[in-house]
Amino acid sequence: MKKSSFVAMILGMIGGLFSALGMCMCLLPQWNAFRPGVVLGCVGVVILLATVVVWRKMERKDPIHLSSKTFISIILGVIGILALGVGMCLVMVWDKLVFGIIVGIIGIVLLVSLIPFIKGLQ
């Protein structure tokens with residue numbers, strides 16, 4: 001395993017744990033820690049974004065150039081993630097099983113559609 005992959009794996013794990021713990025703090029009313037959960041989730045997202053920058057620098061790759069295709073793929077990914085999360089919340093928090101599953105499937109379809117959008121079909 002290359003050093004850059006190992007560093008990216010460790011930073012990704014730390015960022016993912018911070019994000020997951022922040023989501024748990026926000027979604028579990030028993031913990032009564034909504035605001036600290038938001039802060040912890042944001043710290044996790046910042047660590048995950050820093051992971052991309054650190055990995056690209058260690059691999060000696062050019063920085064990501066923001067083109068219209070990059071911007072659209074970011075927006076599509078964010079919408080897909082939010083739809084999947086809202087679907088999970090509808091099922092687990094608000095007991096709306098059928099509607100939550102439909103919204104979650106829409107989110108999954110949006111996320112899977114990123115693969116042909118970014119890589120293209122051959």
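Checked against the criterion of being part of a helix (DSSP H, G or I), touching a Gly at 6+ places or on another chain (Cβ under 6 Å), free of Cβ contacts under 8 Å to residues at least 24 places away in the same chain and not assigned by TED's automatic domain parsing to the domain that holds M9, segment 101-120 has at least one qualifying residue.
Residues that are part of a helix (DSSP H, G or I), loosely packed, with under 14 Cβ neighbours inside 10 Å and in contact with a helix residue (DSSP H, G or I) (Cβ under 7 Å, 6 or more places away or on another chain) within segment 88-100 comprise L97, F99, listed in sequence order.
Taking each residue of segment 1-25 that is in contact (Cβ under 8 Å) with a residue 40 or more places away in the chain and looking for partners that are part of a helix (DSSP H, G or I) with beta-carbon atoms closer than 6 Å, six or more apart or interchain, yields S4/W55; S4/M58; A8/T51; A8/W55; L11/T51. With respect to (1) of a type outside the set (V, I, T); (2) part of a helix (DSSP H, G or I); (3) touching a helix residue (DSSP H, G or I) at 6+ places or on another chain (Cβ under 9 Å), the lone exception for M13 is condition (3). Count of segment 37-72 residues, restricted to those that are within 22 Å of G107 (Cα to Cα) and within 13 Å of the chain's Cα centre (by Cα), is 6. Checking each residue in segment 73-87 for being surrounded by fewer than 16 Cβ atoms within 10 Å (Cβ to Cβ) and either in contact with a Gly (Cβ under 6 Å, 6 or more places away or on another chain) or touching a residue at least 40 places away in the same chain (Cβ under 8 Å) (or both) picks out only S73. Scanning segment 32-80 for residues that are in contact with a helix residue (DSSP H, G or I) (Cβ under 8 Å, 6 or more places away or on another chain), aliphatic (A, V, I, L, M) and outside any helix (DSSP H, G or I) yields A33, I64. Which numbered condition trips up S4, out of (1) touching a Lys or Arg at 6+ places or on another chain (Cβ under 8 Å); (2) surrounded by 14 or more Cβ atoms within 10 Å (Cβ to Cβ); (3) modelled with pLDDT under 90? Among (1) touching a Lys or Arg at 6+ places or on another chain (Cβ under 8 Å); (2) surrounded by 14 or more Cβ atoms within 10 Å (Cβ to Cβ); (3) modelled with pLDDT under 90, S4 violates only (1).
The values are calculated or read from the model by the stated rules, or taken from the named source; none is laboratory data. The structure presented is a predicted model; accordingly, all values stated were derived computationally and were not measured. Reconstructed Cβ throughout: ideal geometry from the backbone, glycine too, with neighbour counts over all protein chains shown.
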